[in-house]
Structure formats: structure tokens, C-alpha cells
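The values are calculated or read from the model by the stated rules, or taken from the named source; none is laboratory data. Keep in mind that this is a model prediction, so the values were computed, not measured. Ideal geometry is used to build each Cβ from the backbone, glycine not excepted, and the neighbour counts take in all protein chains shown.
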Amino acid sequence: MTSMIPYSSYDRALRRAFPWDAFDDFFGGPLVSAAEGNVFKMDVEDAGDRYVVSAELPNVKRDQIDVELNEGRLSISVDKKESDEEKGKNYLHKESGEWQATRGVYLKDASTQGLTAKLENGVLTVNVPKIQEKDSVTKVAID
């Protein structure tokens, strides 16, 4: 059992055995990872009577975001496109561009009523009210 490698480290340990490791490290550096890492950061908070979901979406406009709640699954999708103004510029190096990403979270007792979303300073905040539980137990009087 002492020779077991955790699953998250397995791929890394396997790659270290091959001679092109330095090559992979070079191309997995900051330039490539910025382009391929088009997944935004998302936090989910249980605030008692509601869930608060925050997503970091810098330089994304309101019309490029789609928020949807479907059977308890909250999905945030981003489709960032370049504007015509950006296409006309002569870039020597450009890391920002067109990308798409979708993140989702399952909220078991999410209500479909009263949802709000706000985009401010590159952070999307979605408030999802919880369904108020009703008592499912009814006392029956005995005659």
C-alpha cells in the first residue's frame, strides 16, 4: 500500500517518467495555460434562506452571459466574442480572445421564483432563493 500514488498525482507522476518532460513544461507554461484555461472561477455560498453564486468574469459583457436554472441545476455559460474594434488592431501577442465556457452546480432545494443576477466589476452574482419546506406531517386526532 505504501507504493500507491493518489489519483490526482498519477498523471503527473506518469508524465515525469518520459524524457520530454521539459518540453511539456515549456508548452504548459503561462502562455498556453491562459489560452486553454477558459474556465472561470465560481464560488457557491449557502446564505441560510438562499444560495449566493459568484463567478469571476472579467472583460465579459452582460449579453455574453447566459444563466439558467433547470431542475435544481444552475448553469452559467459564457460566449465571449471579439468585437470588430479588436479585430481591426494589429496585435503582436494576444492572450485574450474568443472563448466559451460553462459551469454548473446542483442546488437541491433551489426555488425557480425570485432569482436575481447582477454583473458588477467583472463579478457575476446570482441569488437563488431556497424552497421553504412545508411540514409534511399532519397530526390526526383520535376520536
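Of the residues examined, residue 66 is one that is surrounded by fewer than 12 Cβ atoms within 10 Å (Cβ to Cβ), in a strand (DSSP E or B) and not hydrophobic (A, V, I, L, M, F, W, C). Can residue 48 be described as modelled with pLDDT of 70 or more, surrounded by fewer than 11 Cβ atoms within 10 Å (Cβ to Cβ) and closer than 30 Å to residue 110 by Cβ? Spelling it out, residue 48 is indeed modelled with pLDDT of 70 or more, surrounded by fewer than 11 Cβ atoms within 10 Å (Cβ to Cβ) and closer than 30 Å to residue 110 by Cβ. Taken over the stretch 113-141, residues that are in contact (Cβ under 8 Å) with a residue 24 or more places away in the chain, assigned to a loop (DSSP other than H, G, I, E, B) and closer than 18 Å to residue 54 by Cα amount to 2. Evaluation of residue 71 against the conditions (1) over 13 Å from residue 40 (Cβ atoms); (2) without any contact (Cβ under 8 Å) to a residue 24 or more places away in the chain; (3) surrounded by 13 or more Cβ atoms within 10 Å (Cβ to Cβ) shows that the sole unmet condition is (3).
Applying the condition of being over 21 Å from residue 39 (Cα atoms) and among the basic types (Lys, Arg) to the stretch 88-143 and asking which residue is surrounded by the most Cβ atoms within 10 Å (Cβ to Cβ) yields 130.
When the stretch 49-68 is filtered for residues that are touching a residue at least 60 places away in the same chain (Cβ under 8 Å) and either in contact with a helix residue (DSSP H, G or I) (Cβ under 8 Å, 6 or more places away or on another chain) or under 20 Å from residue 114 (Cβ atoms) (or both), the ones remaining, listed by number, are 49, 50, 51, 52, 53, 54, 55.
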